[in-house]
Amino acid sequence: MQKKQHKARPAGQTGFTMVEIAIVLVVIGLLLGGVLKGQELINSAKVKNLAQDFRMVPMYIHAYQDKFRALPGDDGRAQTHVCPAAIPGCTIDGNADGSIGGSWDDTVAAPSETVYFWQHIRFANLTSGPTDIASANFLPLNSEGGRIGIQSGGAAAPLGVSGSYVMCSAGISGKYVRQLDNTLDDGDPEAGTLRAGATTAAAVALAALDDGAVYVVCLGV
């Protein structure tokens, strides 16, 4: 039986057949799908890390209160409660007025109870991190490199968030704000217990939220 002869390409032909083009398009589609899926997983992991920060801080407060019957940062007997025997006077006592004094973004240059909050919970072994305020890495940062902090709530609370305490996390992209708000609150960054803004003066409306911009996100506890 005579074998079927395949028609050879004419000499000098450099184009692709339809089958070859189809194969290339399928491969490109698979690669793009993998890249997009990988980016989606990365974004999801970042949002989980950011959300975990907001979930952990209230746990630190409750654990410290259960152990010492005082607020970290505000603890009037912090030196007695948390200082190791080898480091007497390792921290500063709070004024024990029942609130965490200062602003969530106060610095170590002029430390308030909001700064000593982190030192108290670290010496109490509730979380890890430097206990020396002079350390360059003392102030906690989120996974995006933005500052994390906490302060007491009230009329002057950032972004008008309600709650006994307000935790804020800075430098968060708008695309993460959307997911965070859906995860922890009502999906509206201008209302609810979680709000976001370019500054802490006013919350941004959902329609005006820019995925490429960065925001301060605050949650009432």
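See the values below:
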read-out: Theoretical FRET efficiency, 1/(1+(r/R0)^6), r = Cβ-Cβ of R77 and D186, R0 45 Å, to 0.05; value: 0.70
read-out: Total lysine pairs whose alpha carbons fall under 18 Å of each other in the chain (8 or more apart, or interchain); value: 5
read-out: Label-reachable residues, the range 158-172, where backbone N falls under 14 Å from a point 7 Å from A202's Cα toward its Cβ; value: 159-160
read-out: Exposure proxy ranking, count of Cβ atoms within 10 Å, fewest first, for E20, E144, E190; value: E20, E144, E190
read-out: CD proxy at 222 nm, helix term only [per DSSP H run n ≥ 4: -39500 (n - 2.57); per residue of the chain; nearest 500]; value: -12000 deg cm²/dmol
read-out: Under the Karplus curve 6.51 cos²θ - 1.76 cosθ + 1.60, θ = phi - 60°, whole-Hz ³J(HN,Hα) for the range 210-221, x wherever Gly or Pro sits; value: 9, 4, x, 8, 10, 9, 8, 10, 10, 10, x, 10
read-out: Order by protection proxy (mean Cβ within 10 Å, highest first), peptides 107-116, 200-209, 146-155; value: 146-155, 107-116, 200-209
read-out: Segment E144-V19, length gained on full extension (0.36 nm per residue, minus Cα span); value: 40.5 nm
read-out: Only Lys, Arg (+1) and Asp, Glu (-1) charged, at Cβ; the chain dipole about Cα centre in debye; value: 1560
read-out: Length added when fully stretched, A136-T107, from 0.36 nm per residue minus Cα-Cα; value: 9.3 nm
read-out: Correct choice for semi-axes √(5λ) of the Cα gyration tensor in Å that was computed from the model, options [x] 24, 21, 19; [y] 24, 22, 15; [z] 54, 21, 14; value: [z]
read-out: Listed residues G220, Q151, A124: farthest to the positive end of the dipole of the range 46-220 (Cβ charges); value: A124
read-out: G163 long-range amide H proximity, modeled H, under 5 Å; value: G154
read-out: Neighbour net charge for F68 - beta-carbon separation under 10 angstrom, K R +1, D E -1; value: +1
read-out: Residue exposure sequence - R195, R55 - by fewest surrounding Cβ within 10 Å; value: R55, R195
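No lab work stands behind these numbers, since they all come straight from the coordinates. Computed from a prediction, not measured in an experiment: that's the story for all the values here. Reconstructed Cβ throughout: ideal geometry from the backbone, glycine too, with neighbour counts over all protein chains shown.
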